[in-house]
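Colleague: Below is one structure. I have some questions about it.
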Amino acid sequence: MPPSTTNLPLPRYARVHEPPPLPSIMPVAPSPASLVVPPPLPEFLPTPPTVPTTSPTTAFYVQASSATDPNADLTTGCTVEFASSEDEDDSEAPCLNEKTLFVDRVEFATTEAARLGIDGYDGYLYSFAYNYGKRGDKMDGRSVYRCISHDTCENRIRLSPSREEDVQTCWLQDAGAHTGAATDAKKRGIPGFLLREVDDILLGCGPKKCRKILLDRYIDVPSRYGSVPDETQLKNRKSTLMKQRAGGWEIKNVAGLLEWTSMHLCTTKGEFFLRGSSSASDAPFDWQRDFAVLDAMDKDLKHGTLVLECFSHEVTLDDGKKADCCGLILTSRAIFWNVLKAYNGQNNDGVLGVTDGTYRLHFGGWTLVDFGTYTTHYEKKRYSKTFVPWAYMFVRTEHHVAYATMFKVVRSFASRFFEINLVLSFGSLDRSQYIASAYREV
C-alpha cells in the first residue's frame, strides 16, 4: 500500500500560484525530498537577437558589446555596419548616434546628371566614399558620398540608378544628419550644377564673356552668384572642351561638309512639306493646306535642321592670298516660313533683307551668319524692331561670295517652296563691307 501524501509539503510554486493540472496518468508518488527541490534553471540565457530596421532597401544592424550580459545597454559602445539589403558591402561607416535610412530626395534623368546635382543639393560639399553593390557586378554609378563640410559628419548621399534596363533615371538619396564642427573644405573646379550651362556658353564665346553672362544671369541668386567660376577656370574648361570635341567642327573642305549634310538636305517641295514620293509631292503651293500641315507637325520636324545648300568657292582675300570659301546654308521649316510672312507683309513697299552682324565664332574657325528681316511693333509715341530670321550660314572664310550665295539660295528656295518672287528692295548696310557688295549681285 503506498504511503500517504496528506501531510507532504507542497512545491514552492504551489504556495504562490495555483498548482498545475495533474497528468492524465498518475505517476508513482515521489519521495518527499524530491518534491521540495525546484526545477534547475538553464545554464545560460539566450543571446538577444539582432534588431533589423524596417527599411525595404537599407538596414543598420546593432550588436551588443557583451552577448553574455542580458542587461547590456545596446546603445553603448556599439558598432554600426551599413549595408544595402539587396547589395551588401563590407564598407563600414562611423558609429551613428541614431539609426537612419536612405530616403529618395531628387530624381534625375541620368546618373551623370544626378552626380552633377550633388554640388547644388544642400549647399554642403561632398566627397566620394565608396561604391556599393555585389562583388563582380557592374556598379553603374552606384556610389556613396560623405559630407566634408563637417568633421566626422554622419550625413551621406547615395546615387541609386534605376534597375530597369529601359529606364535611365537615377534617384539622389540621403541619410543621417549633419553633425560635427565645420571644416574649411572648399570646392575645387566648376560646380556641377553650372557645368552644362558653362559648356553651352563656351561654345560661342570666350572665358571673359562667359563669366560676365553668368554674373549677370545670377545677380539676384546669391547662392549661385558666389559659385560662378573665375576666368582661369573657364579658360581651362574651354581648352578641355576643344580637346574633347576634336573632329566635331574640324571640317575644312566641301567633302567633309557633304558627309555631314547628307542626312539633312532638303531640296524639294515634297521634302519640305513631307508629301512623300507620290505624284502630289510637286503639287502647287496652297497656303491653307500647307500651313495646316506645318502647324500639325511634330516639333522635331518643325524645328529640325534643314540644309538648303553646301558650297565651295576659291576666293582672293584683301591681302592677295587665295582661300577656299566653303560653307552651308541651313534653316528649319518654321524659320523658313518667315520668308512667306515677310513677302506678304512687305511686298507692297518692298522686302527688307537684313544680315545681322553679331557673329559667334565656333570651334574650328567657323563663322555663323544669320539672314532675315525686321518686324516693326508700333505703340503710342514709339515703336520697336525685332529681327526675324530666314536662314543661317556657316562659312569658313567671310567673303562677299559667301554672302551672295546665301542671298541667292534663299531667293531660289522661296520660289521653289512658296512660288513667290522674292526681290530685296532694301538691305542693311552692316559693318561688313562684303554684305553691301553681295547685295549688288542680287
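Colleague: Is the shape of the range 192-244 best called rounded, prolate or oblate, per the rule: a/c under 1.5 gives rounded, else a/b larger than b/c gives prolate, else oblate, with a ≥ b ≥ c the square roots of the Cα gyration tensor eigenvalues?
Modeller: Numbers: a/c = 2.07, a/b = 1.83, b/c = 1.13.
Prolate.
Colleague: Go through 318-326, 144-152 and give me the packing order, highest mean Cβ count within 10 Å leading.
Modeller: Values: 318-326: 11.6, 144-152: 18.7.
Listed from highest to lowest mean packing, they are 144-152, 318-326.
Colleague: For a quick protection proxy, order the peptides 286-297, 389-400, 208-219 by their average other-Cβ count within 10 Å, most packed first.
Modeller: Working: 286-297: 12.2, 389-400: 21.2, 208-219: 15.1.
Taking the mean over residues of other Cβ atoms within 10 Å, the ranking is 389-400, 208-219, 286-297.
Colleague: With respect to the cross-link table entries Lys208/Lys243; Lys341/Lys381; Lys209/Lys381; Lys187/Lys208; Lys341/Lys385; Lys212/Lys235, which display a Cα-Cα separation exceeding 24 Å?
Modeller: Numbers: Lys208/Lys243 20 Å; Lys341/Lys381 26 Å; Lys209/Lys381 36 Å; Lys187/Lys208 21 Å; Lys341/Lys385 16 Å; Lys212/Lys235 13 Å.
Where the Cα-Cα span goes over 24 Å, the pairs concerned are Lys341/Lys381; Lys209/Lys381.
Colleague: Counting Lys and Arg as +1 and Asp and Glu as -1, what is the net charge of the other residues whose Cβ lies under 11 Å from the Cβ of Tyr124? Walk me through the intermediate numbers first.
Modeller: Details: positive: Arg146, Lys187; negative: Asp119, Asp122, Asp174.
Local charge sum for Tyr124: -1.
Read-outs: derived from the displayed coordinates by stated rules, not from any lab. Note that the coordinates shown come from a computational prediction; the quantities given were computed from them, not determined experimentally. Cβ atoms come from the backbone with ideal geometry, glycine included; neighbour counts cover every protein chain shown.
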